[in-house]
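See structure below.
The numbers here are math on the coordinates, done by the rules we state, and not lab data. Owing to the predicted nature of the structure, the values given are computational and were not obtained by experimental measurement. Cβ: placed from backbone, ideal geometry, glycine included. Neighbour counts: every protein chain shown.
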Amino acid sequence: MIQKRVGSFWRSAGVSLLVLGFARHKTRTLHCFSGYLQRSSTRPASVDEGRGHFSARLAAPWDMFFGGEKLIVPQSSDELTLELQSAMMTAVEKAIPRFDIELPPGLGLGIEGKHAPLVAPNGEISAAAIARSDRELAAAFVLQFEGLSNDGSLCVAFRNQKLLDKAKRVWGEWGKTRLITLPNPKRMVEGGDDVRKRIRRPFLVAIAPSRGQLKELASMAKAEDESEGKQICLVLVNARIRGLLEPDEAREDLAIRSNAILHARFAGTNNEGLVYRKLGDPWVVARRVGASGNFTEVARSDDEPTVEAVEAALAG
């Protein structure tokens, strides 16, 4: 059952009390969850503290306080899970309307099996492992909203029917959360509102959307940011919108509009590096010395580092 599996996920890091701790902020939190988030600014690249609008590529207002302070760089998947849970809690409590999470492909979080080590695999990652990792993150959101008694406001969308059916079989039950597939890009009408019509909930968690689906999500986000209407809170999970090797207008647009509350990806010629960022902290580039060594910070920045900047930091 999803409650048992994901419950152990939250308890494994000793943060089940954080879920209960939301009772202290219940009025504020559930007020944010009572419906669509009202649009507060048409400037997607600005910071609006009152409504949680943040640019992922601009310095957050609190970054100035971190200066030379030592930042936590996860050394294991267990530590990364701790940081993930903390970031999710904070993002939900602050009702940030656009945020994204990215973890290394296929990284196991311990919900359906054991934690996977925080090391880049030697060979190709199987599609099944990638799907499981994506599904585990989706499950964490389902339980989080259920713990807030607000699962009736959540929609989780998978890339295709096969992935959706697998999630339903593995989870067994998922409360009031709406589970759907994102529209097939080949069948979408250009300029249509296929995504919004299908969601029917104020919160959408999009799991590993395809390139065509990301284009539709970017179009929806842009239209909402430029309108005076109500917004759907868009959460992108493993959408791979950052660290691009080739130009991609939809991904770049979503990266600008979204706050990277937790980002971890391997980098470097031999995947010896880690690009990491947690909500409220600067971006960090770290390098592992030796196969079993720890990640050590080699660079940090308030802005998201370019691929070239990451390579230069790791080569230095």
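Return Ser76, Ser292 ranked ascending by Cβ neighbour count within 10 Å, so the fewest neighbours appear first.
Result, fewest neighbours first: Ser292, Ser76.
Which ³J(HN,Hα) values, rounded to whole Hz and listed in residue order, are derived for the stretch 199-216 from phi using the Karplus coefficients 6.51, -1.76 and 1.60 in 6.51 cos²θ - 1.76 cosθ + 1.60 with θ = phi - 60°, glycine and proline given as x?
5, 6, 9, x, 10, 10, 10, 8, 9, 6, x, 6, 4, x, 5, 4, 4, 5
In what sequence do Cys155, Cys233 fall when counting other Cβ within 10 Å, fewest first?
Cys155, Cys233
Based on the alpha-carbon gyration tensor of the stretch 106-145 and its eigenvalue square roots a ≥ b ≥ c, which shape applies: rounded if a/c is under 1.5, prolate if not and a/b is larger than b/c, or oblate?
Judged from the Cα gyration tensor, the stretch 106-145 comes out prolate (a/c at least 1.5, a/b above b/c).
Using Cα centres only, tell me the gap between the stretch 101-135 and the stretch 140-215 in whole Å.
20 Å
Looking at the P(r) of the stretch 138-210, how many percent of alpha-carbon pairs lie beyond 16 Å?
48 percent
Within a Cβ distance under 11 Å of Leu118, other residues only, what is the Lys/Arg minus Asp/Glu net charge?
-1
Take the stretch 89-228, compute every pairwise Cα distance, and split them into 10 Å bins from 0; I just need the percent in each bin.
10, 39, 37, 13, 1
Multiply the residue gap between Val298 and Leu245 by 0.36 nm, knock off their C-alpha separation, and tell me the result in nm, one decimal place.
Here the answer is 16.9 nm.
In terms of modelled amide H atoms, which long-range or inter-chain residues lie less than 5 Å from the amide H of Gly108?
Amide H neighbours of Gly108, under 5 Å, 5+ apart: Ala116.
One quarter of the convex hull surface, Cα atoms only: what value does that give for the stretch 198-304 in nm²?
8.3 nm²
Charges only on Cβ, +1 for Lys and Arg, -1 for Asp and Glu: so what's the dipole of the stretch 99-255 about the Cα centre, in debye to the nearest 20?
That gives the stretch 99-255 a dipole magnitude of about 720 debye.
Could you give the dipole magnitude of the stretch 72-178 about its Cα centre, charging the beta-carbon of Lys and Arg +1 and that of Asp and Glu -1, in debye to the nearest 20?
460 debye
Whole-Hz Karplus ³J(HN,Hα) for the stretch 77-92, in order, using 6.51 cos²θ - 1.76 cosθ + 1.60 and θ = phi - 60°, x for Gly and Pro?
For the stretch 77-92, the Karplus-derived couplings read 5, 4, 5, 5, 4, 4, 5, 4, 4, 4, 5, 4, 4, 5, 4, 6 Hz, x marking Gly and Pro.
How high is the FRET efficiency from Ser149 to Arg198, r the C-beta distance, R0 25 Å, rounded to 0.05?
E between Ser149 and Arg198, to the nearest 0.05, is 0.55.
What ³J(HN,Hα) values, in whole Hz, does the Karplus curve 6.51 cos²θ - 1.76 cosθ + 1.60 give for the stretch 98-107 when θ = phi - 60°, with x put for Gly and Pro?
Rounded to whole hertz, the list is 9, 8, 9, 10, 9, 10, x, x, x, 5.
Given 0.36 nm per residue, what is the gain on full extension from Ala223 to Arg211 after removing their alpha carbon distance, in nm?
Computed gain between Ala223 and Arg211 is 2.5 nm.
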